[in-house]
Amino acid sequence: MDIQQQQEQGEPVNELENFFNISFDSAARDQLRQIALWAKICSITSICGYLIELYLWLFGQSRFFSVGGGVLEVLLNLLVIGGGATINYFLFRFARAVSRGVQNMDALHVNSGFNILRLYFKAAGILVIFILSLVFLAFVGFLLSDLQRMQ
């Protein structure tokens, strides 16, 4: 039963059922299985790396962003570690949903996995924009301080 027939009969329509209209053949299933496997491997190793960096940063063995201590160092470390772990969590959720969908031949799980991947790219984009704006503000601040010293 397609979406139009469900709407005519008054049945509720799930938006994810018609998100990409994916049909699976054996090659597509194998490719999605490999994508999910490598996304899971990448996300787990990245999250472990961020946890190790957090441990080293908190207990003084590493200077990831050593800018003289203080608030700026804490903000940069929290931004990199927290932001990186968050976007890799989205990648892990994508991998889990797609692998479950491919195993059970359930397009709804695959579609929700691709929806999670869309959120992953949104979060990564927001994080990059935020970091670039901080770098730009720091650059402008350094330029203004140099100009002030020259006068």
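Taking the criterion of being closer than 30 Å to VAL98 by Cα and aromatic (Phe, Trp, Tyr), the residues of the range 116-145 that qualify are TYR120, PHE121, PHE130. When ILE47 is tested against the conditions (1) loosely packed, with under 11 Cβ neighbours inside 10 Å; (2) modelled with pLDDT of 85 or more, the lone failure is (1).
For every residue, the table says whether it meets (1) open to solvent by less than 80 Å² (accessible area, probe 1.4 Å); (2) closer than 28 Å to VAL71 by Cα; (3) in contact (Cβ under 8 Å) with a residue 24 or more places away in the chain.
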residue: ALA97; (1), (2), (3): yes, no, no
residue: LEU108; (1), (2), (3): yes, no, yes
residue: ILE129; (1), (2), (3): no, yes, no
residue: SER133; (1), (2), (3): yes, yes, no
residue: GLN151; (1), (2), (3): no, no, no
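Restricting attention to the range 12-29, the residues that are surrounded by 12 or more Cβ atoms within 10 Å (Cβ to Cβ) and at pLDDT 65 or above add up to 3.
The values are calculated or read from the model by the stated rules, or taken from the named source; none is laboratory data. Because the structure is predicted, anything quoted here is derived from the model rather than measured. Every residue, glycine among them, receives a Cβ derived from its backbone with ideal geometry; neighbour counts consider all protein chains shown. Surface areas here come from the heavy atoms of the whole protein model, side chains and all, with no ligands, DNA or RNA. Shrake-Rupley method; radii C 1.70, N 1.55, O 1.52, S 1.80 Å.
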